[in-house]
Amino acid sequence: MIILAIETSCDDTCLAVARIKDKKLEILSNIVSSQIKIHEKYGGVYPSLAKREHQRNLPLVLIKTLKQSKFSKSSISAVAVTIGPGLEPCLWTGINFAKDIAKELNIPIIPVNHIEAHILANFIGSKSKFQNQNFKKLFPAIALIVSGGHTQLILVRGIGKYKILGETRDDAAGECFDKTARILGLGYPGGPKIAKHACAKPGLAQMPRPMINAKNYDFSFSGLKTAVLYHFKSQTKKTQKSKKYIQAMCFEIQQAIIDVLIKKTKKAALDYSAKTIIVGGGVSANQELRKHFKKEFNNILFPKKEFSTDNAAMIAVAGHYNLNKKTKDYSKIEARANLKI
């Protein structure tokens with residue numbers, strides 16, 4: 001079975017081809033067309049611009065993806081596509097493209113939840129081979145999904161068995177990175193920019209750790225963003241532009257976010273006797289975050305960095321586990337911007 005996977009939930013146009021053989025899934029190609037250069041001057045993603053670029057890029061990326069996989073379009077057995085959560089105009093471009101291909105080839109569509117795909121991205125191993133894990137040893141697990149749009153703690157009792165324990169009440173962690181980087185004049189995307197400059201010694205700036213001691217699993221990062229803004233405005237113009245100040249602030253912003261994520265994850269893991277911690281989403285690519293989490297937890301899974309940010313390989317894996325949801329009733333496939341796992 002050959003699956004074409006499509007991911008357009010935000011600003012990356014992503015397609016992949018995967019093959020299922022003997023109940024094992026192999027990623028044959030995985031292409032990501034980034035829109036960062038288009039959105040960076042705005043300091044964030046503009047949905048209308050992202051939609052336009054998806055429409056332009058999808059046919060071109062399809063050609064590259066099929067060529068890399070060495071399979072033709074006619075070989076596709078099913079299309080797995082992200083239906084949510086995400087930016088609705090962007091989701092629809094991928095869904096409509098999937099419908100066009102499915103109708104042309106008379107094949108089913110597999111609807112995929114973007115958050116579940118981030119969890120399952122952890123099971124794409126070296127050489128893009130799907131790794132058959134002994135799932136009984138992994139679950140129950142606590143999944144931390146941390147990205148530009150989401151910060152959630154999820155109890156995972158098994159594949160397809162999820163319960164949201166907590167999520168952000170305002171800004172997601174990745175969104176906080178973006179907004180604080182913009183305050184400091186570092187540009188977009190904020191996470192990589194802050195990580196690059198975060199090399200000062202601690203103690204030069206002190207930022208809050210919002211809700212770190214709250215007796216729940218929720219997050220809030222808007223207070224950190226506000227604290228950064230007030231601290232920045234209190235400095236002289238010379239200090240604001242100084243390398244030492246920027247490095248100190250970046251260090252503290254990054255560490256504040258990591259501290260909160262670790263404390264909340266540890267609480268959930270203890271409360272639910274988790275055997276494994278599963279981390280996913282774009283922020284999970286942060287090297288400092290990975291280092292601190294690996295110090296705190298013995299049994300922890302991180303996806304390969306190319307599968308941390310949005311990609312279609314993870315959609316293919318999620319499609320593999322949701323074959324029972326495949327349908328030729330294309331009218332049932334709709335964008336659900338606020339879809340929950």
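Read the figures in this text as sums done on the coordinates, not as results from a lab. Every value quoted in this text rests on a predicted model; they were computed, and no experiment measured them. With ideal geometry, Cβ positions are generated from the backbone for all residues, glycine too; neighbour counts draw on all protein chains shown.
Things worth noting here:
- Measuring against 20 Å, Cα to Cα, the residue pairs K193/K263; K99/K326; K163/K264; K196/K244 contain K193/K263 as the ones spanning a longer distance.
- DSSP bridge pairs, segment 135-302: antiparallel proportion in percent, nearest 5: 60 percent
- Distribution of pairwise C-alpha distances over segment 135-302, 10 Å bins, in %: 11, 40, 31, 13, 4, 0
- Cα centroid of segment 295-314 to Cα centroid of segment 171-198, whole Å: 20 Å
- Listed residue (Q152, P140, N213) projecting farthest to the positive dipole end of segment 89-245, Cβ model: N213
- Principal semi-axes of the equivalent ellipsoid, √(5λ) from the alpha carbon gyration tensor of segment 58-213, are 35, 22, 17 Å from largest down.
- Cα-projected label distance for I164 with E306, points at 7 Å along beta-carbon direction, nm: 3.2 nm
- Using C-alpha pairs below 8 Å separated by at least 6 residues, the relative contact order for the chain is 25 percent.
- Dipole of segment 135-302 computed with +1 at Lys/Arg Cβ and -1 at Asp/Glu Cβ about the Cα centre; of Y245, A274, A181, farthest Cα towards the positive end is Y245.
- Extending 7 Å from the Cα toward the beta-carbon at both K21 and I63 defines two label points whose distance is 2.8 nm.
- Antiparallel bridge percentage (DSSP; both residues within the chain; nearest 5): 65 percent
- Based on DSSP H segments of at least four residues, each scored -39500 (n - 2.57), the chain has a per-residue ellipticity at 222 nm of -12500 deg cm²/dmol.
- Within straight-line cross-link reach of K332, aspartates and glutamates at Cα separation under 19 Å, skipping those fewer than 8 residues along the same chain: E7, E88, D100, E104
- Surrounding net charge for D171, when Lys and Arg each add one and Asp and Glu each subtract one, Cβ distance under 11 Å: 0
- Summing charges over neighbours of T327, with a neighbour being any other residue whose Cβ is under 13 Å away from its Cβ, gives +4 when K and R count +1 and D and E count -1.
- When all alpha carbon pairs of the chain are counted in 20 Å bins from zero, the resulting P(r) reads 32, 55, 13, 0 %.
- For the chain, size of Cβ-based charge dipole, Lys and Arg +1, Asp and Glu -1, in debye: 800 debye
- Over all other residues within a Cβ to Cβ distance under 9 Å of L224, the charged ones net out to +1, with Lys and Arg as +1 and Asp and Glu as -1.
- Of K305/K325; K161/K267; K137/K267, pairs whose Cα-Cα distance is over 23 Å: K305/K325
- In this structure the amide hydrogen of T168, modeled in the peptide plane, comes within under 5 Å of the amide hydrogens of T151, F219, none closer than 5 places in sequence on its chain.
- Once both labels are positioned 7 Å from their Cα atoms along Cα-to-Cβ, the gap between Q240 and K291 label points is 3.0 nm.
- Rounded to the nearest whole Hz, the Karplus-based 3J(HN,Hα) values (6.51 cos²θ - 1.76 cosθ + 1.60, θ = phi - 60°) of segment 291-302 follow the sequence 4, 5, 5, 5, 6, 8, 10, 7, 9, 9, 10, 10, with x at glycine and proline.
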